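**Student:** What follows is a structure written as structure tokens; I'll ask about it next.
The values are calculated or read from the model by the stated rules, or taken from the named source; none is laboratory data. Please read these numbers as outputs of a predicted model, since none were measured by experiment. Cβ placement follows ideal geometry from the backbone for every residue including glycine, while neighbour counts extend to all protein chains displayed.
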Amino acid sequence: MDNKHYPYTILFIEDEKMLRENYVQHLKHYFKSVYEAEDGEIAYKIYKEKKPDILIIDINIPKLNGLDLLKRIRKNDHATKAIVLTAHSDVDFLLQATSLKLTKYLVKPITRRELQDALNLVLEELSKFDTIGKELLQLKENYSFNFKEEELYHLKENILLTKKEKMFFLLLSKNSKKVFTYSEIISYLWEDSYSDSDKIDPLKTIIKNLRKKLPKNTIKNIFGTGYKLKID
């Protein structure tokens with residue numbers, strides 16, 4: 001991480017006030033906005049309101065611990081990047097943490113250099129995608145998607161999406177130039193899937209139903225590869 005100012009937002013979650021304030025001030029030199037929280041419940045409220053691009057989460061925080069907080073977030077959001085700070089290094093913890101799509105976990109105490117290296121990995125991941133970065137995505141035929149509300153609209157009418165339809169659309173829309181393979185999509189929608197083959201038909205059903213709710217040709221099939229979003 002160099003001296004650039006990056007157009008991403010961070011939520012830093014740590015109950016040790018001095019440590020949190022120190023890192024928040026440091027991160028403000030590099031990122032668009034840096035939010036902070038001292039416990040899991042406050043963190044979740046800020047997450048819902050601000051929709052940060054990056055989460056830095058200490059595991060041992062009050063009210064809602066870091067793992068449970070991330071599990072709650074991951075029910076609907078697998079795109080926000082996450083770095084976990086922990087005093088643990090045992091196998092059980094690592095198995096739980098790695099299932100939550102972390103970019104990196106750091107064993108405390110951490111140095112500023114270690115955090116910067118972890119953030120470099122996050123920035124590398126983000127740079128591979130064409131993130132739209134708007135609150136409202138305008139689609140054809142007066143359709144739009146509000147990222148803050150995570151809702152699809154036609155004119156002023158809310159078009160109801162199922163959980164999996166919403167997850168699939170968010171995946172494509174936040175990375176609009178990328179063609180997602182069947183395997184990548186299945187892994188994203190079904191974390192516990194051990195076989196792609198048993199999810200192909202359910203995936204096709206999700207896409208078929210979602211296409212009926214969107215302008216024609218919004219979801220493009222790349223033969224033999226996967227799907228991408230076509231917004232122009």
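**Student:** Could you count how many residues in the stretch 203-232 are out of contact with any strand residue (DSSP E or B) (no Cβ under 8 Å at 6 or more places or on another chain) and in a helix (DSSP H, G or I)? I'd like the intermediate steps shown before the answer.
**Tutor:** Looking only at the stretch 203-232, we keep the residues that are out of contact with any strand residue (DSSP E or B) (no Cβ under 8 Å at 6 or more places or on another chain), and these are 203-206, 208-209, 212, 216-217, 223-224, 232.
With the extra rule that they be in a helix (DSSP H, G or I), the set shrinks to 203-206, 208-209, 212.
Here the count works out to 7.
**Student:** Let me ask something else. Which one of these does Met167 not meet: (1) part of a helix (DSSP H, G or I); (2) touching a residue at least 40 places away in the same chain (Cβ under 8 Å); (3) surrounded by fewer than 13 Cβ atoms within 10 Å (Cβ to Cβ); (4) not aromatic (Phe, Trp, Tyr)?
**Tutor:** The failed condition is (3).
Yes or no, residue by residue, for (1) surrounded by fewer than 21 Cβ atoms within 10 Å (Cβ to Cβ); (2) within 16 Å of the chain's Cα centre (by Cα); (3) touching a residue at least 40 places away in the same chain (Cβ under 8 Å):
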| residue | (1), (2), (3) |
| --- | --- |
| Asn22 | yes, no, no |
| Ser33 | yes, no, no |
| Glu38 | yes, no, no |
| Lys51 | yes, yes, yes |
| Ile54 | no, yes, yes |
| Asn60 | yes, no, yes |
| Asn65 | yes, no, no |
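**Student:** Taking the stretch 176-193 as the search range and keeping residues that are in contact with an Asp or Glu (Cβ under 6 Å, 6 or more places away or on another chain) and either surrounded by 16 or more Cβ atoms within 10 Å (Cβ to Cβ) or modelled with pLDDT under 85 (or both), which one is farthest from Tyr8 (Cα to Cα)?
**Tutor:** Start the filter on the stretch 176-193 by keeping residues that are in contact with an Asp or Glu (Cβ under 6 Å, 6 or more places away or on another chain), which leaves 176-177, 183, 186.
Cutting the leftovers down to either surrounded by 16 or more Cβ atoms within 10 Å (Cβ to Cβ) or modelled with pLDDT under 85 (or both) gives us 176-177, 186.
Working: Ser176: 17, Lys177: 19, Ile186: 27 Å.
Among those that are in contact with an Asp or Glu (Cβ under 6 Å, 6 or more places away or on another chain) and either surrounded by 16 or more Cβ atoms within 10 Å (Cβ to Cβ) or modelled with pLDDT under 85 (or both), it is Ile186.
**Student:** Could you grab me the full set of residues in the stretch 97-116 that are assigned to a helix (DSSP H, G or I), modelled with pLDDT under 85 and buried (at least 18 other Cβ atoms within 10 Å of the Cβ)?
**Tutor:** Initial filter on the stretch 97-116 (assigned to a helix (DSSP H, G or I)): 97-98, 112-116.
Restricting the remaining residues to those that are modelled with pLDDT under 85 gives 97-98.
Result: Ala97, single match.
**Student:** With the stretch 1-86 as the region, which strands (runs of 3 or more DSSP E) entirely inside it contain at least 1 residues that are of a type in the set (Gly, Ala, Ser) and at pLDDT 90 or above?
**Tutor:** Working: elements: 6-13, 31-37, 54-58, 81-86.
Of the strands (runs of 3 or more DSSP E) lying wholly inside the stretch 1-86, those with at least 1 residues that are of a type in the set (Gly, Ala, Ser) and at pLDDT 90 or above span 31-37, 81-86.
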